[in-house]
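Peer 1: The structure that follows is given in the form of C-alpha cells.
No lab work stands behind these numbers, since they all come straight from the coordinates. Everything numeric in this text was worked out from a predicted model, so none of it was measured. Cβ coordinates were reconstructed from backbone atoms using ideal geometry, including for glycine residues, and neighbour counts include every protein chain displayed.
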Amino acid sequence: MKKLITFLKDVRRELKKVQWPNRHELTTYTAIVLLSVVVVGAIIWVVDLGYQQILTLIFQK
C-alpha cells in the first residue's frame, strides 16, 4: 500500500510540471487532428473503391 501512495504522489508531482495547452492551442490541435482523420479516411475510401473496381473487373470474366 505504501508503494501505491508513493507512486500516486510522484504522479501528482510530475503532473504539476506539465505545461498544459491553453484554449487556443487546444482547439487548433483538435482541428488539425480531426482534419487529418478526415483526409486519411477519404484517401483510404478512394483507394478501397479503386481496389473494388479492379477486383470486380477481374472476377466478372
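Peer 1: Roughly how tilted is helix 2-17, in degrees to the nearest 10 and between 0 and 90, from the longest Cα axis of the chain?
Peer 2: Result, in degrees: 70.
Peer 1: Next question, about the same structure. Round to the nearest 0.05 the FRET efficiency obtained for Arg12 and Val40 when R0 = 25 Å and r is the Cβ-Cβ distance.
Peer 2: It comes out at approximately 0.10.
Peer 1: Also: Give me P(r) over the chain, computed from all C-alpha to C-alpha distances, binned every 10 Å, as integer percentages.
Peer 2: Using 10 Å bins, I get a P(r) of 17, 18, 17, 18, 14, 11, 4, 0 for the chain.
Peer 1: Also, I was wondering about something else. Return one number: the angle in degrees, 0 to 90 and rounded to the nearest 10, between the long axis of the Cα atoms of helix 23-59 and the longest principal axis of the Cα atoms of the chain.
Peer 2: So the helix axis and the longest Cα principal axis differ by about 30 degrees.
Peer 1: Could you give the length gained on full extension between Thr56 and Leu4, defined as 0.36 nm per residue of separation minus the Cα-Cα distance, in nm?
Peer 2: Answer, rounded to one decimal: 12.9 nm.
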